[in-house]
Amino acid sequence: MSNPGEADLTPISSARQLADWFAAGSKPRAAWRIGTEHEKFGFRRSDLSPPAYEPGGIRAILEGLQGKGWEPILDDGKVIGLKRDGASVSLEPGGQFELSGAPVSDLHATRVELAEHFRELHEVAGPMGIGFAPLGFHPLAAREAMPWMPKSRYAIMRAYMPRVGRMGLDMMLRTCTVQVNLDFGDEADMVEKLRVSLALQPVATALFANSPFAEGRPNGYRTLRGKVWTETDPDRTGIPAVVFEEGFGFERFADWILDVPMYFVMRDGKFIDAAGASFRAFLRSGLNSLPGERATMGDFADHVTTVFTDVRLKRFLEMRGADAGNAAMLLALPAFWVGLLYEDSAQKAAAALIRGWSVAEMRGLREAVPQQGLAAPFRGGTARELAREAVAIAADGLRARGLGEEAYLAPLEEIVASGKTQADRWLQRLETGWGGDVRRVLGEAEV
């Protein structure tokens, strides 16, 4: 989302502008980059509680990191993020700490970036008695026990979410993900990449399942985070059918996104509540909450960031289906998608794998995976069998890149071979190593 003062104030005069905004993300292969993002839960080692913004909590960590060359991002005078050399640190609503990595050319650079981030975080947060654990859903805290961060737009979302979904506030406060942002060459390449990644996103959700606990006990899911996203907001989540329609491209996606309800508009560095309003109506006749104002390209760019489909198209593609996990899994996620989508023969093999799948079948798999994980049924087989094929294709794609990046798929190859995800291993630890005490997971998951 644009930070205050960074918005494009160009008025929108035609639908073509919106399609061209997406098209401007097209890049030659030599310019393709990898941008990895991940979130993690902070916890106080003394009592395992989530740290509040202040005192002695998230704000102090952000201020401590400024001493390492990070510049602050402010919201109403409070530091709510950091930026440095193309990377940023930001806060999710419940204080989940997010690193949005700089665009890099290979996965080895991603590994170095992650290691540096964890080192800096330990140096600042460690003396404060705060640790961080990347898990898909908070294993201990009730929704009411989670703090709220002082970001203005979260107040708007907090009021709107309960109107459209049973678990939207859980999504905001109690989930963590790992994502990768990848480039496309042109419109045709975008379409194929988007279709492949949307179809295979439930497979990734199963592979990265890492949220079997909630409020101190097993929750009945391999990935409760995956379940949460099915009950957040049907207008802006899931697998949009339009992507698989004949003639889909930048213009069709831009037209579809106009009917996704808005959250807000920013003016003069302030968020104006527009929750539930139509962007299409904003273009035609303005907003009741913003009389006399015309929609700008900056407004549209902000609106795009509020679309939470399983893969989000911006000026790049954002893979959104995975639970956060340990350091090896944080690297395995970009490795999986780079292997599938950054080498031509691998991308074609992945497209062949999903050929003929209906949107109803994809959505059915997406619904089954949160509870059943790799055992979820699909076309007479299981998600595990699809995962085995997809991981093998990704390995071939990484080998073809010739950079030795295929080593980062090792955790996924082990999961496919054993059938045991991170979630399955945590459940086993609960029975055999923790004496039924779920609280142990935060210490063992700490990065």
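The values are calculated or read from the model by the stated rules, or taken from the named source; none is laboratory data. All figures in this text were calculated on a predicted structure; none of them were measured in a lab. Note: ideal-geometry Cβ built from the backbone for every residue, glycine included; neighbour counts use all protein chains shown.
Quick rundown of the values:
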quantity	calculated
Residue match in the range 156-169 (condition: on the phi < 0 side of the Ramachandran plot and free of Cβ contacts under 8 Å to residues at least 60 places away in the same chain)	yes
Residue, surrounded by the most Cβ atoms within 10 Å (Cβ to Cβ), within the range 120-149, restricted to residues that are charged (D, E, K, R) and either at pLDDT below 95 or under 25 Å from Lys83 (Cβ atoms) (or both)	Glu120
Residue count for the range 183-201, restricted to those that are among the acidic types (Asp, Glu) and either assigned to a helix (DSSP H, G or I) or without any contact (Cβ under 8 Å) to a residue 60 or more places away in the chain (or both)	3
Among residues of the range 406-423, those that are closer than 13 Å to Phe213 by Cβ and either of a type in the set (Gly, Ala, Ser) or over 22 Å from the mean Cα position of the chain (by Cα) (or both), counted	1
Residue within the range 238-252 that is surrounded by fewer than 23 Cβ atoms within 10 Å (Cβ to Cβ), of a type outside the set (A, V, I, L, M) and under 15 Å from the mean Cα position of the chain (by Cα) present	yes
Selection count, the range 117-137, where residues are assigned to a helix (DSSP H, G or I) and among the β-branched types (Val, Ile, Thr)	1
Conditions (1) outside any strand (DSSP E or B); (2) over 21 Å from Arg45 (Cα atoms); (3) among the β-branched types (Val, Ile, Thr); (4) touching a helix residue (DSSP H, G or I) at 6+ places or on another chain (Cβ under 7 Å): number failed by Val180	(1)
Residue match in the range 11-34 (condition: over 30 Å from Arg267 (Cβ atoms), crowded, with 20+ Cβ neighbours inside 10 Å and in contact with a helix residue (DSSP H, G or I) (Cβ under 6 Å, 6 or more places away or on another chain))	yes
Some residue of the range 53-64 being in contact with a Ser or Thr (Cβ under 8 Å, 6 or more places away or on another chain) and closer than 24 Å to Pro147 by Cα	no
Top-ranked residue in the range 82-116 [being part of a strand (DSSP E or B) and free of Cβ contacts under 8 Å to residues at least 24 places away in the same chain; ranked as nearest to the chain's Cα centre (by Cα)]	Ser90
From the options Ser358, Ser418, residue that is at pLDDT 95 or above and either under 24 Å from Phe137 (Cα atoms) or of a type in the set (Lys, Arg) (or both)	Ser418
Test for Arg312: is it closer than 20 Å to Val180 by Cβ and free of Cβ contacts under 8 Å to residues at least 24 places away in the same chain	yes
Flag if Val338 is hydrophobic (A, V, I, L, M, F, W, C), within 27 Å of Ala23 (Cα to Cα), surrounded by fewer than 21 Cβ atoms within 10 Å (Cβ to Cβ) and touching a helix residue (DSSP H, G or I) at 6+ places or on another chain (Cβ under 7 Å)	no
Any hit, the range 155-164, residues being touching a strand residue (DSSP E or B) at 6+ places or on another chain (Cβ under 9 Å), over 28 Å from Ala102 (Cα atoms), hydroxyl-bearing (Ser, Thr, Tyr) and part of a helix (DSSP H, G or I)	yes
From the options Arg355, Arg312, residue that is more than 21 Å from the chain's Cα centre (by Cα) and on the phi < 0 side of the Ramachandran plot	Arg355
From the options Ala275, Ala204, Ala254, residue that is farther than 30 Å from Asn326 by Cα and in a helix (DSSP H, G or I)	Ala254
Unmet requirement for Asp8, which otherwise passes all of (1) in contact with a Gly (Cβ under 6 Å, 6 or more places away or on another chain); (2) within 26 Å of Val180 (Cβ to Cβ); (3) buried (at least 17 other Cβ atoms within 10 Å of the Cβ)	(3)
Complete set of residues in the range 291-312 that are over 14 Å from Ala254 (Cβ atoms), modelled with pLDDT of 95 or more and part of a loop (DSSP other than H, G, I, E, B)	Thr305, Thr306, Asp310
Residue among Ala327, Ala332 that alone is modelled with pLDDT of 95 or more, surrounded by fewer than 21 Cβ atoms within 10 Å (Cβ to Cβ), under 30 Å from Ala115 (Cβ atoms) and small (Gly, Ala, Ser)	Ala327
Only one of Glu318, Glu367, Glu343 that is within 29 Å of Asp235 (Cβ to Cβ), in contact with a Lys or Arg (Cβ under 7 Å, 6 or more places away or on another chain) and not small (Gly, Ala, Ser)	Glu318
Hits in the range 119-151 (condition: within 16 Å of Glu39 (Cα to Cα), of a type in the set (Gly, Ala, Ser) and within 23 Å of the chain's Cα centre (by Cα))	Gly131, Ala133, Gly136
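To keep it simple, each residue is scored yes or no on (1) crowded, with 18+ Cβ neighbours inside 10 Å; (2) within 22 Å of the chain's Cα centre (by Cα); (3) charged (D, E, K, R).
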residue: Met262; (1), (2), (3): yes, yes, no
residue: Lys270; (1), (2), (3): no, no, yes
residue: Gly276; (1), (2), (3): no, no, no
residue: Leu283; (1), (2), (3): yes, no, no
residue: Asn288; (1), (2), (3): no, no, no
residue: Pro291; (1), (2), (3): no, no, no
residue: Thr296; (1), (2), (3): yes, no, no
residue: Asp299; (1), (2), (3): yes, yes, yes
residue: Thr305; (1), (2), (3): no, yes, no
